[in-house]
Amino acid sequence: MTADAPILPAYRYSPSSLVVWCGYCQRWHWHSPGDGHRVAHCLQPTSPYHTTGYTLVERGTITEAAMRRYARAQRRQTSS
């Protein structure tokens with residue numbers, strides 16, 4: 001694990017996947033299950049996650065509908 005990697009909340013979408021919201025590219029990123037350090041999937045070239053990656057900590061489950069609501073709210077918040 002990289003010492004300077006931020007800790008991000010991850011949510012169980014299915015038995016085989018976790019999702020994490022990326023505030024840099026405003027998208028959900030999919031990862032295999034399990035807490036720990038991950039390489040960034042960010043589409044934003046200037047994202048600091050490309051250097052540090054991030055550490056996932058599973059916080060619970062999430063549905064597709066909840067993911068859509070969360071994404072809309074986050075995008076509205078950053079555009080204001």
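Taking region 44-80 as the range and being under 12 Å from the mean Cα position of the chain (by Cα) and among the hydrophobic types (A, V, I, L, M, F, W, C) as the test, the residues that pass are 56, 57, 67, 71. Only residues that are touching a Gly at 6+ places or on another chain (Cβ under 9 Å) and surrounded by fewer than 12 Cβ atoms within 10 Å (Cβ to Cβ) were counted across region 22-56, and they come to 1.
Taking every residue in region 58-80 that is within 14 Å of residue 27 (Cβ to Cβ) and modelled with pLDDT under 95 and pairing it with any residue that is of a type in the set (S, T, N, Q) and surrounded by 14 or more Cβ atoms within 10 Å (Cβ to Cβ), at least 6 positions away or on another chain, the pairs with Cβ-Cβ distances below 9 Å are 74/26; 75/26; 78/26.
With respect to being at pLDDT below 95 and among the hydroxyl-bearing types (Ser, Thr, Tyr), residue 55 falls outside the description.
The values are calculated or read from the model by the stated rules, or taken from the named source; none is laboratory data. Note that this is a predicted model, so its numbers are computed, not measured. Cβ coordinates were reconstructed from backbone atoms using ideal geometry, including for glycine residues, and neighbour counts include every protein chain displayed.
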